[in-house]
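Written below as structure tokens is the structure these notes are about.
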Amino acid sequence: AIADIYLYKDENGVFHFTDQPSTPEYRLFIKQWRTPKTSESPSSSYDPYIDEASRLYGIDTALLKAVVKVESNFNPRAVSHKGALGLMQIMPQNVAVLDIQDPFDPRQNILGGARYLREMLNRYGDLNLALAAYNAGPAAVDRYKAVPPFTETRSYVQQVLHNYDVMKKR
């Protein structure tokens, strides 16, 4: 389904998203986005943006595709239960920091997510820790000085690494 997305930030700083605003506090956050042509495979339709991000941030294209696969399954309009947005599931509080005006724009989302992943790779110098920080946040990795003992995060790292191996063979 495709719909406009509206955003409201409440007095506690919590972001609320909807396609049917119930109060005037909601503002249009993103207009409808086109879906990929049926002849395009979900992963290949974003190859130009993934290639650009790969060159810009020095990250293997297969790794970026693996992250997109696990984060959103190549759905540019994905919104997680925690509010993460788009292909690389950018949290709303990180959108502006990563110079993203429209988190549902595939190019902006991929470039922003790749930038953040590069920051985590530089910070930790270890792929497992960088992926854990991408998923759980750097504070959790810093607290445990390892991949945090969260089932979701450990599963996430394993899934990305598995998909990375698969993508490298394509």
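The values are calculated or read from the model by the stated rules, or taken from the named source; none is laboratory data. Quick caveat: nothing in here was measured; it's all calculated off a predicted structure. Cβ sites come from the backbone with ideal geometry, for glycine too, and all protein chains shown count toward neighbours. In case anyone asks, the SASA skips ligands and DNA or RNA and just uses the protein heavy atoms, side chains included. Shrake-Rupley method; radii C 1.70, N 1.55, O 1.52, S 1.80 Å.
Look at (1) in contact with a Pro (Cβ under 9 Å, 6 or more places away or on another chain); (2) open to solvent by less than 20 Å² (accessible area, probe 1.4 Å) and you find that A130 fails only one, number (1).
Of the residues making up region 108-129, not a single one is in a helix (DSSP H, G or I), closer than 20 Å to L28 by Cα and aliphatic (A, V, I, L, M).
Do we find a residue being over 23 Å from Y8 (Cα atoms), free of Cβ contacts under 8 Å to residues at least 40 places away in the same chain and not β-branched (V, I, T) anywhere in region 104-118? Yes, the conditions are met somewhere in region 104-118. Are any of the residues in region 49-68 at pLDDT below 95, open to solvent by less than 50 Å² (accessible area, probe 1.4 Å) and under 27 Å from T18 (Cα atoms)? Within region 49-68, none of the residues are at pLDDT below 95, open to solvent by less than 50 Å² (accessible area, probe 1.4 Å) and under 27 Å from T18 (Cα atoms).
Pairing residues of region 63-85 that are closer than 24 Å to D126 by Cβ and of a type in the set (V, I, T) with residues that are open to solvent by less than 10 Å² (accessible area, probe 1.4 Å) and not in a helix (DSSP H, G or I), at Cβ distances under 7 Å and at least 6 apart in sequence or on separate chains, gives V67/M88; V68/L87; V68/M88.
Of the residues making up region 1-39, those that are exposed (fewer than 10 other Cβ atoms within 10 Å of the Cβ) and either modelled with pLDDT of 85 or more or aliphatic (A, V, I, L, M) (or both) are A1, D10, E11, N12, G13. For region 6-19, a residue qualifies if it is in contact with a Phe, Trp or Tyr (Cβ under 8 Å, 6 or more places away or on another chain) and assigned to a loop (DSSP other than H, G, I, E, B), and exactly one does: D19.
Every condition in (1) closer than 30 Å to Y6 by Cα; (2) in contact (Cβ under 8 Å) with a residue 12 or more places away in the chain; (3) touching a helix residue (DSSP H, G or I) at 6+ places or on another chain (Cβ under 8 Å) is met by Y124 except one, and the failing one is (1). When L64, L56 are screened for being part of a helix (DSSP H, G or I) and under 20 Å from Y156 (Cα atoms), only L64 passes. Looking at region 116-139, can you tell me whether even one residue there is more than 14 Å from the chain's Cα centre (by Cα), of a type in the set (K, R) and at positive phi? Taking every residue of region 116-139 in turn, none turns out to be more than 14 Å from the chain's Cα centre (by Cα), of a type in the set (K, R) and at positive phi. If the condition is being at pLDDT 95 or above and either open to solvent by 50 Å² or more (accessible area, probe 1.4 Å) or among the polar types (S, T, N, Q) (or both), then region 97-126 contributes R107, Q108, N109, R115, R118, E119, N122, R123, G125, D126. Condition check: without any contact (Cβ under 8 Å) to a residue 40 or more places away in the chain and closer than 21 Å to I50 by Cβ. Does D142 satisfy that? When the stated conditions are applied, D142 does not pass them.
Could you look through region 77-96, keep only residues that are among the small types (G, A, S) and surrounded by fewer than 17 Cβ atoms within 10 Å (Cβ to Cβ), and pick out the one that is farthest from V160 (Cα to Cα)? The extreme case among them is A96. Among the residues of region 138-170, those identified as under 17 Å from Y116 (Cβ atoms) and surrounded by fewer than 16 Cβ atoms within 10 Å (Cβ to Cβ) are A139, D142.
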